[in-house]
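Notes to accompany the following structure.
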Amino acid sequence: MPNKYDAIIIGGGHNGLINAAYLARAGLKVLVLEQRYLVGGATVTEELYPGFKYTVFSYVVSLMRPEIIRDLDLPRHGLTVLPLESTLTPLSDGTCLYRDNDHYRTLRDIARFSQRDAEAYEDYGRTMLFMAKAVKYMLGIIPPDPTKINPKDLFGLAGLGKHLLGLSEENLHMLIKLMTMSSADFLEQWFETDVLKATLAASGIIGTFLGPRSPGTAYVLLHHYMGEIDGNFRTWGFAKGGTGAIADAIASAARELGVEIQTETAVEKVMVKGGKVAGVALKNGNEFLSDVVVSSLDPNMTFLKLIDAEHLPVDLLASIKKFKFNGSSGKVNLALDAAPDLKCMPGYGPHLRGAISISPSVDYLERAYDDAKYGNFSQKPYIDIIIPSMIDPDMAPPGKHVMSCFVQYAPYNLKEGTWEERREEFGDTVINTVAEYIPNLKDIILHRQVITPLDIEQTIGLSQGNIFAGELSLSQLFFLRPAAGIAKYRTPVKNYYQCGSGTHPGGGIMGAPGRLAAMEILKDLRKPRREGQ
Amino acid sequence: MSYNYDAIIIGAGHNGLVTAAFLAKAGKKVLVLERRQCLGGAAATEEFFPGFKFNTGAHDAGLLLPEIVSKLDLQKYGLEFIDSQVEACALQPDGTPLTLWRDVKKSQEEIAHFSKTDAVKFPQFCQHLEQLTKVLAGVRTSTPPPVKDLNFRDLLPWIKSGLQLKRLGKQDMMAFLKVLPMPAIQFLDEWFESDALKGAIGASGVTGSMQGPMASGTTFMMLYHAIGSSCGFRASKFVRGGMGQLSMALAKAAKQHGAEIKTGVEVKQIVVNEYQAQSVVLANGDELSAQAIISNADPRRTFFDLVGAPNLGPQFNRMVKNIRFRGTTAKMNFALSGLPKFKGVANPGSQLSGHIIICPSLEYLERAYDDAKYGTFSKQPSLDIVLPSVLDSMFAPEGQHVMSVTMQYAPYRLKSGDWDEQKEKLAEVIIKTISKYAPNFRKLILHQHLLTPLDFERDYGLTEGSIFHGQMGLDQLLLMRPVPGWGRYRTPVENLYLCGAGTHPGGGVTGAPGYNAAREVLKDLK
């Protein structure tokens, strides 16, 4: 007779771990199963070249919900977030736009391009902050189902309506604009400097298969404005030890609460008996029994792979099959023999501790998208670079560095060739692009790791390599994420739940899906609720 | 204070005429002033060449609100619709065109040549489309509710639409919410595999808009154009005698109810005193006062050219300035000595009687948009062609024909050169594109006449040549149209109203903005 658990979580990504920790905190006996040798999913740090630690997939943190950090006491478990102090956007003419934490210095730098924009920048920052706060409300609630007329959903809709109507009329209009406009059009209403618009717009396209002129991208812009570290809004940070340190801290908190974590244990199927979850069957033939099974994997895995179709309604299967993944990002991780030297700001300096964004113009980003929409990776991609070893010296041996280059666009489906065949060509394209701005780059590369969307899918199981476990597009948000009627973390199979980024409120190292799912599960189990939950 | 009129309407576009007719019908003393000699604005029929008549702007009245036709008894005033049996003939670069009929069964047979599975799904698609558009139909005639002081009376029509949505059942209701913001390409990919079919149907999703079919919100536009249609293609109805006959019928109805209509009279200024509109000043210096001044011009012309920015608050001015117009449409008219021979068209009499579409795939359309995105007109444009003389002999002398081509994309702002200089090049691209499908085309041309977005702006008063008085993007609809917070036909200037396509629900020959505006004005005039 195998061990029986109160709850089994499939997948040890940060959402799975958070879900497990919250369930264990309520007194459940919880088991987390992770197929890889380490926990974290897309939130991992790996030493792939001796002495050099790569933030393999994700690389910065900002969206992590503060209540989770508090509830799980993550700092005590080793989480330290170091601020990322600046964003430098180099231009092809050898100059750059440099924005950092020194507010007045940033305004002076913007004023070099346009005095008017420098004035608008403050207003813009304030407005976005305010809007982010208004929208943040939605991140913390369970999406109501507008097709239901039960009191809970009506109450939820009314609450949402009240919240929205609580905004001033002007802010409500701003919110509608953010939900529907393209980031280029939205920014056009504020600024005239191309590079400023471009580098701001860039955060609206991360993880999407949309260009800066595609409606809907302004929302993603806001999504990235919701960052909160130590109560300090709009701050991006780097976790000491890389993003893997976040997963490790959560895992440590979970273990302390009694969660059992098994790595290198791949789940084959969720077992269903009498319309109810019974446990999981492993790839190695073993089984674990459990009253509750929670999938932290994406909707494709959760509904089409882990469970037999016979247990699910045909309509649901059809809408999950239509769920868009459209992976569009890749990554190049580098081990460097020396510090990179920027053409526009040579030598050492605090700018190396911030982000370097290759996004010189809106047209540049749009053309990068054009390549992808016809099935090729961008010939001149948008690249978001950080140098983790500059922020946290432990990431590389003394004097050496690691560099993380997030690349867009890299479409999962290539029109010509396969990703296996074109991996190095892709890597070269990225290096060549970066080298235009960092001339010494090619001479100092010791080792490079090229990650394609196919690698993301094969290594960590994100379908089509979508880093948000499903596109953050208007028709896939809120009560439509991942599909109508199952947006509340439940599934049609009793006691089978979902808690990954494919559910509301979506991707990023945020943890909200994992936490909200745990709350719903506990509600169903009618366990006595603790304070603060 | 005594006024010359109860209401003065600036501009005799079809919406202005609709407002005039309904106000007059309610017993108001109404004056309509039109700058041009011809009525109808962009819904007009003009004789550019002797003996050949052309629908200047719109060539189809498929979207016209049926309640306008019945309440104003327009048939009595000479409005007659012609339903072509063929809805669309989508030309293909290598072979037989795809013909879509009003009869869904016949379309199925045609689609089967392209894809058997698509043919099977087509009737279900038509039904689905009809259901989704039914909800939109109700929304068209409802004034967007005020956000801040919601009251039952304003919400009632929306509750009705909500119930309509509810009646769709859970599945379709969610489908409705889900598809509105979708890119047309995604919506159609979920249904069909044939590029020809998707191109033919999807092209209406980008009409008048500076977006490609891969952009969010283009499904909404597609549905908007399909309101009232039951055969998968967008709604289409031709007017006997040309679109001008619709405007004439509206004008006759208005006059019958006592409205005065003056053409060749340009309004120079709307006189505002203490944030209150009092009168209009004409080009000849005359001043006429009215209790309500209603502008059929687009919002930017109305507020900046007629009212003047100093009479408005800075915030409102900024919103007007931020309206995205971005005209993208050019129109080319041809007088032809005979019917062009389109490759693969076996029965020109029927196949050429509807819309002839050149948009072989949605990728073709997206690439056409790419050009415009970077500031040049499409080298391989998407064309919507009609030959009204095929069904209606009054358009051209016996045996000869007129052809009207709506071309997309022709961006108002060009990266290099200006439209006066690029015009000839665009004409050549359009002729070349048609010639690819109809090799004898060039030889048939007797006269040609091209309207670029700049011409639409200069001659028809459409800012930036935007045929919809502002893009119909998701952020410029409902309570956001024409500017956020002023979606109820009223303006910050008391007694000044808008009734054009720049207001809810937007462009196209629907008459809905005019119809709704009349209702709101009457509420205030009581």
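For region A:318-349, the set of residues classified as open to solvent by 20 Å² or more (accessible area, probe 1.4 Å) and within 14 Å of chain B (Cβ to nearest Cβ) consists of A:318, A:319, A:321, A:322, A:324, A:326, listed by residue number. Within region B:116-153, if we keep just the residues that are polar (S, T, N, Q) and more than 14 Å from chain A (Cβ to nearest Cβ), the residue that is most open to solvent (accessible area, probe 1.4 Å) turns out to be B:127.
When you go through B:290, B:277 one by one, which is the residue that is in contact (Cβ under 8 Å) with a residue 24 or more places away in the chain, in contact with a helix residue (DSSP H, G or I) (Cβ under 9 Å, 6 or more places away or on another chain) and of a type in the set (A, V, I, L, M)? Full working, then the answer.
Values: B:290 fails: in contact with a helix residue (DSSP H, G or I) (Cβ under 9 Å, 6 or more places away or on another chain).
Result of the check over B:290, B:277: B:277.
Being under 30 Å from residue A:217 (Cα atoms), of a type in the set (Phe, Trp, Tyr) and buried (at least 24 other Cβ atoms within 10 Å of the Cβ) is the filter here, so list the residues in region B:469-518 that pass it.
Residue satisfying the conditions is B:489 alone.
Any idea which of (1) part of a strand (DSSP E or B); (2) open to solvent by 50 Å² or more (accessible area, probe 1.4 Å) is the one residue B:293 doesn't satisfy? So residue B:293 meets the others, but not (2). Residue count for region B:296-310, restricted to those that are of a type in the set (D, E, K, R) and not in a helix (DSSP H, G or I): 1.
Pairs meeting the criteria (first residue in region B:366-378 and facing another protein chain (nearest Cβ under 8 Å), second residue small (Gly, Ala, Ser), beta carbons under 7 Å, at least 6 apart or on different chains) are B:366/B:212. Please indicate, with yes or no, whether at least one residue in region B:341-349 is surrounded by fewer than 23 Cβ atoms within 10 Å (Cβ to Cβ) and within 29 Å of residue B:500 (Cβ to Cβ). For region B:341-349, residues surrounded by fewer than 23 Cβ atoms within 10 Å (Cβ to Cβ) and within 29 Å of residue B:500 (Cβ to Cβ): absent. Whenever a residue of region B:126-147 is acidic (Asp, Glu), its partners that are outside any helix (DSSP H, G or I), lying with C-beta atoms within less than 6 angstrom and at least six residues away or across chains, give the pairs B:130/B:230.
Here is a check on your reading of the model: is residue B:228 modelled with pLDDT under 95, over 27 Å from residue B:368 (Cα atoms) and more than 14 Å from every other protein chain (Cβ to nearest Cβ)? Write out each step before concluding.
Working: modelled with pLDDT under 95: yes; over 27 Å from residue B:368 (Cα atoms): yes; more than 14 Å from every other protein chain (Cβ to nearest Cβ): yes.
In short, yes.
Please tell me if residue B:169 is in contact with a Ser or Thr (Cβ under 6 Å, 6 or more places away or on another chain), open to solvent by 20 Å² or more (accessible area, probe 1.4 Å) and free of Cβ contacts under 8 Å to residues at least 40 places away in the same chain. Taking the combined requirement at face value, the residue does not satisfy it. Within region A:404-422, restricting attention to residues that are in contact (Cβ under 8 Å) with a residue 24 or more places away in the chain and in a helix (DSSP H, G or I), the residue that is most open to solvent (accessible area, probe 1.4 Å) is A:420.
Restricting to region A:461-518, name every residue that is more than 19 Å from the chain's Cα centre (by Cα), open to solvent by less than 10 Å² (accessible area, probe 1.4 Å) and modelled with pLDDT of 90 or more. A:493, A:496, A:497, A:518, listed by residue number. In the condition set (1) in contact (Cβ under 8 Å) with a residue 12 or more places away in the chain; (2) touching a helix residue (DSSP H, G or I) at 6+ places or on another chain (Cβ under 8 Å); (3) not charged (D, E, K, R), residue B:309 is compliant with all but (1). There is no residue in region B:457-474 that is within 14 Å of chain A (Cβ to nearest Cβ), over 17 Å from the mean Cα position of the chain (by Cα) and at pLDDT below 95. Restricting attention to region A:456-481, the residues that are more than 14 Å from chain B (Cβ to nearest Cβ) and touching a residue at least 12 places away in the same chain (Cβ under 8 Å) total 13.
Residue-by-condition table, conditions (1) part of a loop (DSSP other than H, G, I, E, B); (2) more than 19 Å from the chain's Cα centre (by Cα):
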| position | (1), (2) |
| --- | --- |
| B:230 | yes, yes |
| B:235 | yes, no |
| B:245 | no, no |
| B:250 | no, no |
| B:255 | no, yes |
| B:261 | no, yes |
| B:272 | no, yes |
| B:279 | no, yes |
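Screening region A:51-165 for strands (runs of 3 or more DSSP E) wholly inside it with 2 or more residues that are away from chain B (no Cβ under 14 Å) and surrounded by fewer than 19 Cβ atoms within 10 Å (Cβ to Cβ) returns the ranges A:81-83. Residue check: residue A:35 meets all listed conditions (1) at pLDDT below 95; (2) out of contact with any strand residue (DSSP E or B) (no Cβ under 7 Å at 6 or more places or on another chain); (3) surrounded by fewer than 22 Cβ atoms within 10 Å (Cβ to Cβ) but one, namely (1).
Scanning region B:4-41 for residues that are surrounded by fewer than 24 Cβ atoms within 10 Å (Cβ to Cβ) and under 19 Å from residue B:333 (Cβ atoms) gives B:36, B:37, B:38, B:39. Of the helices (runs of 4 or more DSSP H) lying entirely inside region A:174-278, those carrying at least 2 residues that are open to solvent by 10 Å² or more (accessible area, probe 1.4 Å) are A:183-188, A:194-202, A:244-256. Remark: residue A:431 falls outside the filter, which requires a residue to be open to solvent by less than 20 Å² (accessible area, probe 1.4 Å), at pLDDT 95 or above, part of a loop (DSSP other than H, G, I, E, B) and closer than 30 Å to residue A:345 by Cα.
Among the residues of region B:65-92, those that are open to solvent by 50 Å² or more (accessible area, probe 1.4 Å), part of a loop (DSSP other than H, G, I, E, B) and modelled with pLDDT of 95 or more comprise B:73, B:80. Is it fair to say residue A:305 is touching a Ser or Thr at 6+ places or on another chain (Cβ under 7 Å), of a type in the set (Lys, Arg) and open to solvent by 10 Å² or more (accessible area, probe 1.4 Å)? The answer is no for residue A:305.
The set of residues in region B:172-215 that are closer than 23 Å to residue B:117 by Cα, open to solvent by 30 Å² or more (accessible area, probe 1.4 Å) and in a loop (DSSP other than H, G, I, E, B) comprises B:190, B:191, B:193.
The residues listed here are B:400, B:408, B:380; of these, the one that is of a type in the set (S, T, N, Q), crowded, with 22+ Cβ neighbours inside 10 Å and in contact with a Ser or Thr (Cβ under 8 Å, 6 or more places away or on another chain) is B:408.
Among the candidates A:312, A:297, the residue that is among the aliphatic types (A, V, I, L, M) and under 17 Å from residue A:501 (Cβ atoms) is uniquely A:297.
Return the total of residues in region B:161-171 being touching a helix residue (DSSP H, G or I) at 6+ places or on another chain (Cβ under 7 Å) and either outside any helix (DSSP H, G or I) or more than 10 Å from chain A (Cβ to nearest Cβ) (or both). Steps first, please.
Our first condition is that a residue be touching a helix residue (DSSP H, G or I) at 6+ places or on another chain (Cβ under 7 Å); within region B:161-171, this holds for B:161, B:164-166, B:168, B:171.
Within this subset, residues satisfying the condition of being either outside any helix (DSSP H, G or I) or more than 10 Å from chain A (Cβ to nearest Cβ) (or both) are B:161, B:164, B:168.
Final tally of qualifying residues: 3.
The values are calculated or read from the model by the stated rules, or taken from the named source; none is laboratory data. Given the structure is predicted, the values throughout are model-derived calculations rather than measurements. For neighbour counting, all protein chains shown are included, and Cβ atoms are generated from backbone atoms with ideal geometry for every residue, glycine included. These accessible areas exclude ligands, DNA and RNA; they are computed on the full protein's heavy atoms, side chains included. Shrake-Rupley method; radii C 1.70, N 1.55, O 1.52, S 1.80 Å.
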